[in-house]
Amino acid sequence: MVKLEARNIVKYFQHDDYKLKALGGVNLKIQEGDFVCIVGPSGCGKSTFLRIAAGLEKPEEGDILFDDRPVTNTGPERIMVFQEGALFPWLKVIDNVEFGLKIAGIPSDERSQISQRYLDMMQLTRFANSYTYQLSTGMKQRVAIARALVLDPDVLLMDEPFAALDVQTRELLLVELQIVWQKTKKTIVFVTHNVAEAVVLGTKVVVFTNRPAVVKKEVSIDFPRPRLVEDQKLVPQQQEILAELKPEVKKRMESE
Amino acid sequence: MSKHLTAKKIIFYVAILAVWQAVADANFWPNEIFPSPWEVMQDLGYGAADGSLFYGIGTSMLRLIVGLAIAIAGGITLGIFMARMETVNQTIGSLVLGLQSIPSIAWVPLALIWFGVSDAGIIFVTAIGAIFAVTINTYTGVKNIDPHYIEAAQNMGAKGSQLITLVLMPAAFPYLISGFKQGWAFAWRGVIGAEILFSFLGLGFLLNVGRQTIDVSQVIAVMVVIMGIGILVDGLVFKRLENKVMSRWGLR
Ligand SMILES: Nc1ncnc2c1ncn2[C@@H]1O[C@H](COP(=O)(O)OP(=O)(O)O)[C@@H](O)[C@H]1O
Ligand SMILES: [Mg+2]
């Protein structure tokens, strides 16, 4: 079943003296339970696409359909995980995780039951009462993921959530995210500029062209999980994707 | 505070008192015009003994608290609307900047006409003197919120009053505190100034009485009290609030 469908999405941004075309007609079908990784040169419109799917931006043309209905606004069934986590520094970890539940009016004992489950899943139980500044970047991303999962969204929209992590932490989280995905059966759209990361995570990797972005290539990846970055069998797919991506990155460099 | 610093301060204030006493003893001016610290202290004692001082403090503080509460509630509301609605900012926002430049004392004539010699009039002057500082700080604070916080909250379903109380206000809180602090400073000056001009109870009124009876030591005694309350509120209320927020946010 198609969970999210992008139909010819065109998006402009008004700059002072010109209109910048970020998305040039993106078409993409994402099946329920898919783990789709989007790669593309920086500034090509990956975040913009994700933000449109979240309902944070509106496209000039085209529609994103969620369960066959056009997305017009944000909704807790499509939760965005930002690169920096966007955790609330005025709240403890546990209150960050319970935020969406509180908004939904869920009573506090039920809230703590739910948050407990996801704090456990993301190995955060020890940090439940910490403030976010006391956490490492990796821990913050765990909190951000837990905060999204408690709302039991259909779709997780993740915008380069691991970009700021050191190598070890990233590898750990790459495995954990695969396990979370297997446990929760969420549909995930994951933006990254890191091809190795995309190939490890995705059931499908989508390559965006340079700006204005359109879908250049979709590559299915099916290997057993959890996959690791150093898995040799992933190398051919990695090469295939890189071959598509490199000319786009080159165009991007030349356009500067 | 380090012992060293405390010692420095004590020495400084003792020195001031000593110089003051010496100048008073030198009798350059008659005692009624330049009293000694001891006389001022005695005056404080009389005021405390007959209760007039405490009554004055209580009256002024009550007006201050009511006025500041109005200023904080109104200022936060106004500031949030200015920050979140461009039209409000372009219209009311420009007026706020203008009104902020009016010294609170300049509202006294209007307050006297509108409210007469009453608590309401003094509270009006106090509140209006403080509200725009609160407004501007709230506005700046909300404008400076990382937009990702707001987007994340909206994504999780927050809107309307929940967005305001659970996200905008806590996210802007470091700025709100500066607003409260500035607001309090304006309110305190406003309430004393208004009381002097209204001449209707409170510490400002006691200053006025001191002037009318040419009782300089009373005037100075009341001024010392006004300063003392200022230092106390700054140190006890705002420093603590600030420290708490700063450490919670990991800003220090
Ligand atoms: N709010 C905005 N206003 C103006 N330009 C924007 C805005 N958001 C993104 N852009 C521009 O749109 C293009 C695509 O941005 P983005 O989607 O963030 O790229 P990516 O995530 O692929 O690096 C970039 O050139 C960026 O500068
Ligand atoms: Mg991006």
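Tabulated data
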item	result
Nearest-20 debye value, the stretch B:169-249 charge dipole, Cβ charges on Lys, Arg, Asp, Glu	340 debye
Packing-based ranking, highest mean first, of B:156-163, A:9-16 given that Cβ atoms within 10 Å are counted	B:156-163, A:9-16
GNM top mover of B:Trp107, B:Trp184, B:Trp29 - chain B, alpha-carbon springs below 10 Å	B:Trp29
Candidate lysines for bridging to B:Lys239, where Cα separation is under 16 Å - those fewer than 8 sequence places away on the same chain excluded	B:Lys181
Rounded to whole Hz, the Karplus (6.51, -1.76, 1.60) HN-Hα couplings of the stretch B:45-54, x for glycine and proline	x, 4, x, 5, 5, 8, x, 5, 5, 5
Local net charge near A:Ala146, Cβ-Cβ under 14 Å (Lys/Arg +1, Asp/Glu -1)	+4
MRE, 222 nm, helices only [DSSP H, n ≥ 4, -39500 (n - 2.57), over chain A, to nearest 500]	-11500 deg cm²/dmol
Stokes-Einstein D in µm²/s, Kirkwood radius over Cα pairs - the protein assembly as shown at 20 °C with 1.002 mPa s viscosity	78 µm²/s
Angle between chain B longest axis and helix B:240-249 axis [Cα atoms, degrees, rounded to 10]	30 degrees
Local electrostatic count, A:Lys185, Cβ distance below 14 Å [Lys/Arg +1, Asp/Glu -1]	0
Listed residues A:Gly202, A:Gly55, A:Gly105, most fluctuating in chain A (Gaussian network, C-alpha, under 10 Å)	A:Gly105
FRET E, pair A:Glu60, A:Asp16, Förster distance 25 Å, beta-carbon r, rounded to 0.05	0.85
Share of carbon and sulfur in the accessible heavy-atom surface of the protein assembly as shown [1.4 Å probe, %]	60 percent
Farthest toward positive dipole pole in chain A [+1 Lys/Arg, -1 Asp/Glu at C-beta], among A:Gly55, A:Pro76, A:Gln134	A:Gln134
Share antiparallel - DSSP beta bridges, chain A, percent rounded to 5	55 percent
GNM top mover of B:Ala127, B:Ala26, B:Ala111 - chain B, alpha-carbon springs below 10 Å	B:Ala26
Residues of type lysines that B:Lys159 reaches as a straight line, Cα spacing below 28 Å, ignoring anything fewer than 8 places off in the same chain	A:Lys3, A:Lys11, A:Lys46, A:Lys58, A:Lys92, A:Lys102, A:Lys140, A:Lys186, B:Lys143, B:Lys244
Estimated dipole of the stretch A:136-256 in Debye, rounded to 20 [Cβ of Lys and Arg +1, of Asp and Glu -1, Cα centre]	160 debye
Ratio of Rg to Rh over the stretch B:5-135 (Cα coordinates, Kirkwood Rh, two decimals)	1.17
Shape metrics for the stretch B:52-248, restricted to C-alpha atoms - Rg then Dmax, Å	18.9, 66
Local electrostatic count, B:Ile145, Cβ distance below 14 Å [Lys/Arg +1, Asp/Glu -1]	-1
Cα-based helix-to-principal-axis angle, B:203-212 vs chain B, degrees rounded to 10	30 degrees
Antiparallel bridge percentage (DSSP; both residues within the protein assembly as shown; nearest 5)	55 percent
Sorted largest first, extent of chain A alpha carbons per principal axis (Å)	52, 43, 37
Translational D in µm²/s for the stretch A:175-256 (Stokes-Einstein at 20 °C, 1.002 mPa s, Kirkwood Rh from C-alpha pairs)	157 µm²/s
Sequence of A:Glu244, A:Glu61 when ordered by accessible area, the most exposed leading, probe 1.4 angstrom	A:Glu61, A:Glu244
Check: the protein assembly as shown dipole with +1 on Lys, Arg Cβ and -1 on Asp, Glu Cβ, in debye	740 debye
Dipole of the stretch B:6-83, positive direction: furthest Cα of B:Ile57, B:Val19, B:Trp38, with charges on the beta-carbon	B:Ile57
Contact order normalised by residue count of chain B, Cα under 8 Å, 6+ apart, percent	24 percent
Distance in nm between pseudo-label sites at B:Ile65 and A:Lys246 (7 Å out along the Cβ direction from Cα)	7.5 nm
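The values are calculated or read from the model by the stated rules, or taken from the named source; none is laboratory data. Predicted, not measured: the structure shown is a model, and the values here were computed from it. Glycine also receives a Cβ, built like all others from the backbone with ideal geometry; neighbour counts cover every protein chain displayed. Note: areas computed on protein heavy atoms with side chains; ligands, DNA, RNA excluded. Shrake-Rupley method; radii C 1.70, N 1.55, O 1.52, S 1.80 Å.
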